[in-house]
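All remarks here apply to the structure that follows.
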Amino acid sequence: MNKRFNDLILAAIKQRISDLHITGGYPLIFRREGIIHSDKNVQWTHTDIDALVKGMLSDRQLFTLRKRWSVDFAMSFNDVRVRINAFYTTRGLSLAIRLLPETIPDVNALNLHPSLNQIRDLRSGMVLVCGSTGSGKSTTVAAIIEEINRTRPVHIITIEDPIEYRFKPKKAFIEQREVGIHVPSFDQGLLDSLRENPDVIFVGELRDPDTIKMALTAAESGHLVFGTLHATDAEDAIYRINNCVSGEGQEIIRYQFASAFSWLIIQQLVHIEKAGFRVPILSITRASSSVRSSIRENKLTQLETIMHTSRNEGMFTMELYRKEFIDKLTSFKHPYKSFGIGADASKEKDYVSSLIDPNAVQNVVYTANIEDALATPASKKDEDWQQYVILEDQDVDLKDIFEQYDQQENLKPDKNGSKGK
């Protein structure tokens, strides 16, 4: 690890900085309590950043950066975990760095409503935590999963991009998979998990129709599924879920969500004067009969009214949450008390199996070994050989795949040994 970068992270922790921004030939930018600041005394050259990034990335991550011009990754050192996005700009490579505590904070340490501890007792359903980027969604989910880990003997699988918090198994058995390293995509990870006997599944982000549909199916089939989504209120969140498909499919998704969801949490980080730092402000929607009915009937504008009249069922609008919970708190826990290694921090090292190629291109489509498959190369006569088409473009259309396949089919020798057109 680059010593200068190492010292910078240590200094950021001591100064209670949440985010760092490093770009070539420009002062260091950092965020403290949600406010952007700069330090003109700290600058990195373009070549410094190139060397730093090259030293931190695996061969496969470096391949991703070269192909996509950006890459997400996370790493642990000096009793802290950092999530990094390296991306290409007019100044060359830039880094956006989020500092994460190595010890996972609990619900109380995050100044969250104690009712969130009830989620640990759920056996099935969907818990959706929403908010803007940097609102603390992942930390809230991690705190709830850690409570399950501490209290229940269950199998938990997480699918993240990248892995932010490393869990140390306690009563629960936890397995974590990172998109691009351990699994090619969220939807493939979800499909895999349904064959891996989980009780609890965490999907780092519900970002595409296939992932959303599979997460709902998993929740309906008796699993407890956690997911995050970018949304500003309950109506917006359900609208995004509903509109992941078009036409008649929307009604199916709407009914699935109404049936499967248990908690819908929207989160913002707001600076509270008497605390002196930012505190999560939530809206909480729970799966009452009136909420389920309004979702099925697509009357989403009724949700806020239902939340106002359902305080006895544990629901809050953000306004009520601040008035009835935050304003009544006499003391607050500073989130930075969670930084630093402790007995609960995971010290487990990553292991790369000798059977896995860590630099393999993940976005491939495999075809069956059927009689009319492409001719097997002479060097590949093993019985388990599989045909594949490499997709360098994530947005490639299925039609393009078939065209690639057809082009190769036309070059396959016929019975007389001649090639097609």
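The values are calculated or read from the model by the stated rules, or taken from the named source; none is laboratory data. As the structure is a computational prediction, the values presented were derived from the model and not from experiment. Cβ placement follows ideal geometry from the backbone for every residue including glycine, while neighbour counts extend to all protein chains displayed.
List of remarks:
- Selection within the range 106-136 - of a type in the set (S, T, Y) and within 19 Å of the chain's Cα centre (by Cα): S132, T133, S135
- Spans of helices (runs of 4 or more DSSP H) in the range 166-249 with at least 3 residues in contact with a Gly (Cβ under 9 Å, 6 or more places away or on another chain) and farther than 27 Å from T285 by Cα: none
- Evaluated against (1) within 24 Å of A142 (Cα to Cα); (2) in contact with a Pro (Cβ under 6 Å, 6 or more places away or on another chain), L20 falls short on exactly one condition, (2).
- Flag if A237 is touching a Cys at 6+ places or on another chain (Cβ under 6 Å) and within 18 Å of L128 (Cβ to Cβ): yes
- Contact annotation: residue pairs with Cβ atoms under 6 Å, 6 or more positions apart or on different chains, pairing a residue in the range 122-141 that is closer than 18 Å to V107 by Cβ with a partner that is in a helix (DSSP H, G or I), are V127/I119; V129/K137; V129/T140; V129/V141; C130/A237; G131/K137.
- Criterion: surrounded by 15 or more Cβ atoms within 10 Å (Cβ to Cβ), modelled with pLDDT under 90, of a type in the set (V, I, T) and on the phi < 0 side of the Ramachandran plot - qualifying residue of V203, V279, V245, V225: V245
- Some residue of the range 263-276 being assigned by TED's automatic domain parsing to the domain that holds I144, touching an Asp or Glu at 6+ places or on another chain (Cβ under 7 Å) and at pLDDT 95 or above: yes
- Test result for K168, surrounded by fewer than 23 Cβ atoms within 10 Å (Cβ to Cβ) and not aliphatic (A, V, I, L, M): yes
- All of L100, L122, L112 fail the test of being buried (at least 20 other Cβ atoms within 10 Å of the Cβ) and at pLDDT 95 or above, apart from L112.
- Annotation note: Cβ proximity below 6 Å between a residue of the range 237-266 that is without any contact (Cβ under 8 Å) to a residue 40 or more places away in the chain and a residue that is part of a helix (DSSP H, G or I) and surrounded by fewer than 18 Cβ atoms within 10 Å (Cβ to Cβ) (sequence gap 6+ or interchain) occurs for C244/P209; V245/P209; A258/R292; A258/R296.
- Scanning the range 57-75 for residues that are without any contact (Cβ under 8 Å) to a residue 40 or more places away in the chain and not polar (S, T, N, Q) yields L57, L62, L65, R66, R68, W69, V71, M75.
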